[in-house]
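A short reminder: the numbers here are calculations on the coordinates, not readings from a lab. Computed from a predicted model, the values in this text were never measured in an experiment. All Cβ positions, glycine included, derive from the backbone under ideal geometry; neighbour counts span all protein chains shown.
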């Protein structure tokens, strides 16, 4: 992306197809890509299940670590 936005608001597609691993990986890629597009000191808002950050059954440590280590989380 050639222009880095100052804010992104998104509702990542959490697919309900019975394959929670595939759905979680898809949502994680969506979040990772969105955070890479942002300009420095920008904001991103995601509507996601609380379990996305707290439930290890999703097995998506890269997205979770990206958010918890590099971002300030205002509300869960």
Original post:
Once fully extended, how much extra length lies between residue 72 and residue 10, figured as 0.36 nm per residue of separation less the alpha-carbon to alpha-carbon distance?
Top reply: 20.6 nm
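Within a 10 angstrom radius of the beta carbon, how do 8, 3 rank from fewest other beta carbons to most? Kindly include the intermediate steps, with their values, before the conclusion.
On the way: 8 14, 3 6.
So the residues, fewest neighbours to most, are 3, 8.
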Subject >> Which of 75, 32, 69 has the fewest Cβ neighbours within 10 Å, and the rest in rising order >> reply: 75, 69, 32
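Counting other beta carbons within 10 Å of each Cβ, put 42, 48 in order, fewest first. List each step's numbers first, then the result.
Working: 42 13, 48 17.
Sorted ascending by nearby Cβ count, the order is 42, 48.
Length gain on complete extension for the stretch residue 21 to residue 46, per 0.36 nm per residue less the alpha carbon to alpha carbon distance?
Details: separation 25, 0.36 × 25 = 9.00 nm, distance 1.92 nm.
Full-extension gain reported as 7.1 nm.
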